[in-house]
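**Q** Before anything else, here's the structure in question.
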Amino acid sequence: MIRTWAPGAGGAAAAAVRRAFVFVLPGLWVFGVVAWELCRPTSGRLLQLLAAAPAIACAGTGRRRCVLLGGVCALIALVPFGAVEPGAGAGTRVMTCGAILAVIGASYLTAGRRLRLVRELERTREVAVAAQRVVLRPLPRRVDGVLLAADHLSASEGAMVGGDLYEVVGTRHGVRAVIGDVRGHGLEAIGTVAAMLGSFREVAHDELELGGVLRRLERTHQRHLRERALVERPAAGDGGPVSGFAEEFVTLLLLEVARDGSVTALNCGHPWPYRVACRAVAPVAPAEPMPPLGLFPLPEELSAVRCGQLRPGEGLFLHTDGAADARDAAGEFFPLAQELRSSVEAAAAPCGPSPSGVVGDVREALLRHADGRLTDDVALVMLSNDRVRVPSRRARTTPPGARLTR
């Protein structure tokens with residue numbers, strides 16, 4: 001994801017106008033200089049301004065047009081215009097032509113270096129995008145009968161990954177999902193995000209209960225902080241290297257959607273999700289959340305909270321606090337629940353709203369509200385139960401000796 005929305009029709013038209021202006025600007029410059037010299041001759045002195053045309057062409061449209069337009073300007077500089085004053089003869093015109101050729105050479109070399117730097121930047125950006133997609137990989141459209149949609153907005157310019165995390169996996173225990181928010185945002189939080197996601201993708205398949213998954217995530221977080229402390233503060237020694245990172249916590253929400261649609265959850269200081277039905281949106285808050293992971297040790301007994309049953313067509317909308325805390329220019333918070341209801345009501349789908357449509361609508365509304373300038377990372381995830389009831393195997397099996405009739 002990136003950080004700002006795609007430009008609309010107005011933005012595309014403005015970009016096209018800018019490109020056209022940059023393309024014709026060198027020609028307009030040459031035409032203006034020549035027209036002035038023809039109307040008010042200066043014995044070739046004004047023609048020295050033609051040396052700027054190749055540089056303008058090289059900066060805006062590329063090296064080929066720079067050479068072509070520069071050659072034309074060099075030829076124009078050799079042509080005498082009007083009456084020639086004493087001392088302003090062929091020598092002056094030749095010097096002007098030489099200056100234009102020198103500008104052509106310098107501009108050509110500069111443009112070549114710029115082109116190499118742009119290509120290197122594009123390759124670096126491709127590598128960065130690939131690495132970020134490994135950390136926060138795109139979710140599949142469907143996992144074990146559950147439709148999925150997700151989006152992420154980073155507060156750091158040019159980054160696709162920040163301090164928010166999410167993942168959904170299909171296991172033998174059901175569909176398990178995690179969404180979280182690491183303290184801080186942007187590039188500085190990516191290490192913790194990668195550690196937590198890597199651990200969840202492994203333990204979600206191994207642990208029988210959600211409590212076991214959460215305890216493994218807690219140990220991963222502590223181990224990550226110890227390793228980070230030893231790297232950043234090697235002089236701290238072994239006497240409690242995590243003490244300098246006491247405020248490095250993570251809010252987490254673990255969800256499990258069983259085969260029958262029943263939902264259980266464990267919440268460590270994270271916003272509860274919204275239940276989304278055909279035309280209804282209601283917050284899910286079955287219990288008080290536990291403290292964020294890393295601030296205090298987990299209690300000895302961890303029992304998952306029951307969040308009801310997710311019937312076919314119903315969904316859960318998960319989000320981080322960056323969505324609810326986004327402000328506009330007037331300081332007003334983003335009305336997340338209101339925009340969510342508007343999206344669900346506008347869908348009017350008989351089988352329930354589309355997860356991708358709801359996530360897309362909320363994302364666009366959020367960016368409009370914040371005018372594209374986010375101060376915190378935002379993660380949006382929606383799960384929708386798309387399982388259908390099928391007849392039992394006994395009902396679908398024809399008894400031996402029975403005859404099929406039409």
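**Q** What residues have an amide H closer than 5 Å to that of Gly308, excluding those fewer than 5 places away on the same chain, when H is modeled at 1.01 Å from N in the peptide plane?
**A** Val263
**Q** If eta is 1.306 mPa s and T is 10 °C, what Stokes-Einstein diffusion coefficient results for the range 93-148, Kirkwood Rh from Cα pairs, in µm²/s?
**A** 102
**Q** What is the set of long-range amide H partners of Phe249 at a cut-off below 5 Å, with H atoms built 1.01 Å from backbone N?
**A** Hits under the 5 Å cutoff: Arg183.
**Q** Show log10 I(q)/I(0) for the range 293-368 at q = 0.15, 0.18, 0.27 Å⁻¹, two decimals, from a solvent-free Debye sum over equal Cα scatterers.
**A** Summing over Cα pairs of the range 293-368 leads to -0.71, -0.86, -1.28.
All of the numbers you see were taken from the coordinates with simple rules; none came from a lab. Keep in mind the model is a prediction, meaning the values are calculated, not measured.
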